[in-house]
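Data block below; observations after.
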There are 2 protein chains.
Amino acid sequence: MVGIGPGSLIDMTPRARQAVETAEVIVGYDTYLHLIQDLLAGKATIGTGMMQEIDRCQAAVEQAMSGKQVAVISSGDPGVYGMAGLVLELVGKYPATLQPEVVVVPGISAVSAAAAVLGAPLMHDFAVISLSDLLTPWEVIEKRIAMAAAGDFVIAIYNPKSIRRTSQIEAVREITLQHRGPNTPVGIVHHATRDKEDMTLSTLDGFTNEHIDMFSLVLIGNSQTYVADGKMITPRGYRL
Amino acid sequence: MVGIGPGSLIDMTPRARQAVETAEVIVGYDTYLHLIQDLLAGKATIGTGMMQEIDRCQAAVEQAMSGKQVAVISSGDPGVYGMAGLVLELVGKYPATLQPEVVVVPGISAVSAAAAVLGAPLMHDFAVISLSDLLTPWEVIEKRIAMAAAGDFVIAIYNPKSIRRTSQIEAVREITLQHRGPNTPVGIVHHATRDKEDMTLSTLDGFTNEHIDMFSLVLIGNSQTYVADGKMITPRGYRL
């Protein structure tokens, strides 16, 4: 299970690169295979569309059980909404004596990459929440938003919006406004570290008017977060 | 602002390595300078003890304002309880025309590294909380623990315990037990990816009896987290 980081080879650790280079079979979503295509010459690849995670990971497990060294790649960190858990769950269905060894090689997570683009928004306690309701009931997500807002966590939102799913990010705004001021800084980052990288600094009151899609990562400041000279900063509490 | 990752050079991204290699002055806590000593030949270094963060970062800012290229290193990710925020705060005290350019180069965070050692505990929404009350009132920390526990977040604890500070982790246990079963898995990781790496799998009821110190990262599972074949797994919700 290999994290390739946010997208450029210069943000992929040597350990991750080595895991890909020594593997015989590379498994991953086509977009991520494309990001590391320079490492794939002469290797077998198993790539499919976004909705077939289970089949893809099952194929990876079967390849590994047949004796092949397999790298399942995730963008960012495979341990954060990536494929590490699914592969371990699938491996766990086999008797222990048949299970291939699974090693998780962490990568720079999308939230770390987005935070770096914005400045230093994650310097204090934070909560990471995905708004995707494909695998999680909305009531669970909504309660987490409420608890994170009440606890004054910096809030990082994965999967904030898709063409089909537009109301959840409005709910985040409304719930969080019950606990924080309308001018609380909100940062929106697309494609951190890639060619198309862009970032927008907005406010809790207005951020849902900005462009947000399934590639956006949204970071909502806590009650102390401020913007200065184009950087979003959450103070740690030093007396300066 | 450069994240060197959890400690080994093979977990440091090429972008971070390049930032250190091209810098003339390297600033950081002595332990972290030691971890990357192979990259420091011929460079000026500014290293001090753990308690002098402000002086160290101020010296880095002054070096940069004098025209030098400076790398301030943090272990893990400089954007997660690292030095990125402090440096930006100090830079912000100068007029814009005098401010040196600050770039944050993310690193593999301690929480990503610890999760990889344990298996896949962070596959669903999670909260990251530091128990250090040096810069944050305990009442704020305590409320965040309660909110994270009530929201069924996986909870990652930085700075769980020191020689002076031992009651906070017991409070985490008691608060979280109000919301989750006593057998909820808890993972404790020391020195992830370094020579002295070790991990312990315990339960919410019993984990405070295990060895925990200022180098430990503690991960408390959510209501769905389980342990199988020595791995801590939080299911994402796939129907398998």
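The values are calculated or read from the model by the stated rules, or taken from the named source; none is laboratory data. What you see is a predicted model; the values in this text were computed from it and never measured. Don't worry about glycine lacking a Cβ; one is built from the backbone with ideal geometry, like all the others, and counts go over all protein chains shown. SASA here: full protein model, heavy atoms, side chains in, ligands and nucleic acids out. Shrake-Rupley method; radii C 1.70, N 1.55, O 1.52, S 1.80 Å.
Things to note:
- Filter result (under 18 Å from B:Glu101 (Cα atoms) and at pLDDT 95 or above) within the range B:22-56: B:Thr22, B:Ala23, B:Glu24, B:Val25, B:Ile26, B:Val27
- The requirement of being over 22 Å from A:Phe215 (Cα atoms), of a type outside the set (A, V, I, L, M) and not assigned by TED's automatic domain parsing to the domain that holds A:Thr225 is fulfilled nowhere in the range A:71-83; no residue meets it.
- Residue tally, condition more than 10 Å from every other protein chain (Cβ to nearest Cβ) and either part of a helix (DSSP H, G or I) or not aliphatic (A, V, I, L, M) (or both), over the range A:147-183: 24
- Tally of residues being open to solvent by less than 30 Å² (accessible area, probe 1.4 Å) and touching a residue at least 24 places away in the same chain (Cβ under 8 Å) across the range A:9-58: 16
- Scanning the range A:191-240 for residues that are more than 14 Å from chain B (Cβ to nearest Cβ), surrounded by fewer than 18 Cβ atoms within 10 Å (Cβ to Cβ) and assigned to a loop (DSSP other than H, G, I, E, B) returns A:Asp195, A:Lys196, A:Asp205, A:Gly206, A:Glu210, A:His211, A:Asp213, A:Met214, A:Phe215.
- Extreme residue, nearest to the other protein chains (Cβ to nearest Cβ), among residues of the range B:133-146 that are charged (D, E, K, R) and open to solvent by 60 Å² or more (accessible area, probe 1.4 Å): B:Lys143
- Under the condition of being more than 18 Å from A:Asn159 (Cα to Cα) and open to solvent by 20 Å² or more (accessible area, probe 1.4 Å), the residues counted in the range A:59-97 number 17.
- Per the conditions (1) open to solvent by less than 30 Å² (accessible area, probe 1.4 Å); (2) not assigned by TED's automatic domain parsing to the domain that holds A:Val128, the sole criterion not satisfied by A:Ala114 is (2).
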